[in-house]
1. For segment A:12-40, give me each residue that is buried (at least 24 other Cβ atoms within 10 Å of the Cβ) and part of a loop (DSSP other than H, G, I, E, B).
2. Taking B:R58 as meeting all but one of (1) modelled with pLDDT under 95; (2) surrounded by 14 or more Cβ atoms within 10 Å (Cβ to Cβ); (3) part of a strand (DSSP E or B), write down the number of the exception.
3. When segment A:102-132 is examined, which residues are found to be in contact with a Phe, Trp or Tyr (Cβ under 9 Å, 6 or more places away or on another chain), within 30 Å of A:M297 (Cβ to Cβ), within 10 Å of chain B (Cβ to nearest Cβ) and of a type in the set (A, V, I, L, M, F, W, C)?
4. Taking only pairs six or more apart or across chains, which ones have beta-carbon atoms under 7 Å, a first residue in segment A:332-360 that is free of Cβ contacts under 8 Å to residues at least 60 places away in the same chain, and a second residue that is of a type in the set (D, E) and not in a strand (DSSP E or B)?
5. Go through segment A:127-153 and give me each residue that's part of a helix (DSSP H, G or I) and without any contact (Cβ under 8 Å) to a residue 40 or more places away in the chain.
6. Restricting segment B:12-37 to residues that are at the interface with chain A (Cβ under 9 Å from one of its Cβ atoms) and assigned to a strand (DSSP E or B), which is farthest from the chain's Cα centre (by Cα)?
7. For A:R69, state whether it is part of a helix (DSSP H, G or I), of a type outside the set (A, V, I, L, M) and either more than 22 Å from A:R5 (Cα to Cα) or modelled with pLDDT of 95 or more (or both).
8. If you go through segment B:24-52, how many residues are hydrophobic (A, V, I, L, M, F, W, C) and touching a strand residue (DSSP E or B) at 6+ places or on another chain (Cβ under 8 Å)?
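The values are calculated or read from the model by the stated rules, or taken from the named source; none is laboratory data. Because the structure is a prediction, the values reported are computed rather than measured. Note that we place each Cβ from the backbone using ideal geometry, even for glycine, and neighbour counts take in every protein chain shown.
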Amino acid sequence: MSRSRAMDLVVVGGGPAGLAAAAAAAERGMQVLLIDQGRRLGGQIWRHRQSRELPPEAQQLLDRVRTARVTVASEARVLDATSPRELVVDFRGRVDLQPTEQLILATGAMERFLPFPGWTLPGVCGVGGLQALHKSGLTVAGSRVVLAGSGPLLFPVAAAMARAGAELLLVAEQAPRAALIGFAATVTRDIGKLVDAASYRWAFARTPFRTSSWVIRAEGDDRLREVVVSVRGRERRLRCDWLGAAFGLVPHTDLARLLGCDVIDEAIAVDALQRTSVEGVYAVGECTGVKGDAPGMIEGEIAGRAVTGDLPAARAPKLVHARGAGRHFAAAMARHFAIRPELRGLATPETLLCRCEDVPVGAVDPTWTARQAKLYARVGMGSCQGAVCGEACKVLFGWQNNSARPPLGAPMTGAWSDAIGRSGS
Amino acid sequence: MTDDVTITVNGVPRRVPADGTLAAVLLGLGVTAFRRDLGGAPRAPICGMGTCHECRVRVDGIDEVRSCLVSVRDGMQVETAG
């Protein structure tokens, strides 16, 4: 075990919010370490292989981070924390203790997956999952693609598939049309978002976009061959190569929960300066409520200023106003894209619930708690530690699972236990 | 365009683009069984960002490497479940 150089601030997560936080604090003279799991900074929304793929706002923010001399650790992740001031970090396989005065969590969000027959077939993935794989080098040109999900993420992903030359057959939104209209009404003041939505829709203009529509099942052999979709009450069968099916995003809060931060309605609870319930720990961006990249950058800016003690700068009226708009947007999104009850009944008793431990839906009793499901049926006990089925259990059975256990995210237990001096198993 | 590298997948050398993640490259090569479940059914990545753990393969002798989190490297030895 060794101890890395102590920092004034560690920022966990290199997406828009984390980048803004790191830049703002470093520009004010702090020694900042930015820990990011990705190969390149930018998070999921700015995932890229070459920097020319990045939008101008991303380029500018990355320039700020470089100019402000933020120390960047890519392909690194936080495994554990002995306290909010000492993290256990896996730096590309070398596990070290990382002391820090303060901490900003910018851990983002992940997709909400729900089980349906055939969801374990290769070729079935998330909506953002398909986008991430595409941005990481998967060629979709000439492939038949169906997207079935919920919320604003469908639009950029559909546009990206169409622009990349995929044969996009259908985009299914589970929410009803009225919900979309209600949601659009809440963002009418934000011309930029409406322009984005229109340009995305234009990009996949030849593909039907259907509300009140969702995947019923996927069929295939060694991989996906066909998908059956309920389109406004009528079943449609589509032959396809890729199905992107996930139902919105949920805040990624495992590190926050490990640190003991309050989590309310699945999001890390923060005050107007982005402070969590734990002293010295701030949280910004999607992990405090899913709202998009621009409001996330505002929150990052606020926290990055606040950690330096420059509270007047953190409370600049322009930031306060933009932060409020972002939280309003987050609330509207959660309200209008609520999961419809039909999606809870897609899985049959044979459909796997926990993909890691191969536990079918029929093997669990809905009257159990999440803890009982772990003890009796190993639900959420596998490699992903419930990252996928935890959300599904919440939607299907109302199970709340607020425990977070180290090492976060995965194996490499040997190095982790060496680093913190615990006996390995 | 980017340079290609050579990786070995289940003993077969393959030329692949150098700038992709291993998961994306394997999907591009038509790999469906990154791993297999207890019943022998093939599994492939669903999240593409390190969360789902479905993309685990053996890389250079190390088991359980999440292929969506690593870049391809010239000479990389990869073993999937078929």
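1. A:G13, A:G14, A:G15, A:D36
2. (1)
3. Of everything in segment A:102-132, those that are in contact with a Phe, Trp or Tyr (Cβ under 9 Å, 6 or more places away or on another chain), within 30 Å of A:M297 (Cβ to Cβ), within 10 Å of chain B (Cβ to nearest Cβ) and of a type in the set (A, V, I, L, M, F, W, C) turn out to be A:F113, A:C125, A:L130.
4. What qualifies is A:D358/B:D37; A:P360/A:E350.
5. A:L133, A:H134
6. Filtering first and then ranking leaves B:P17.
7. No; evaluated as a whole, the condition is false for this residue.
8. 10
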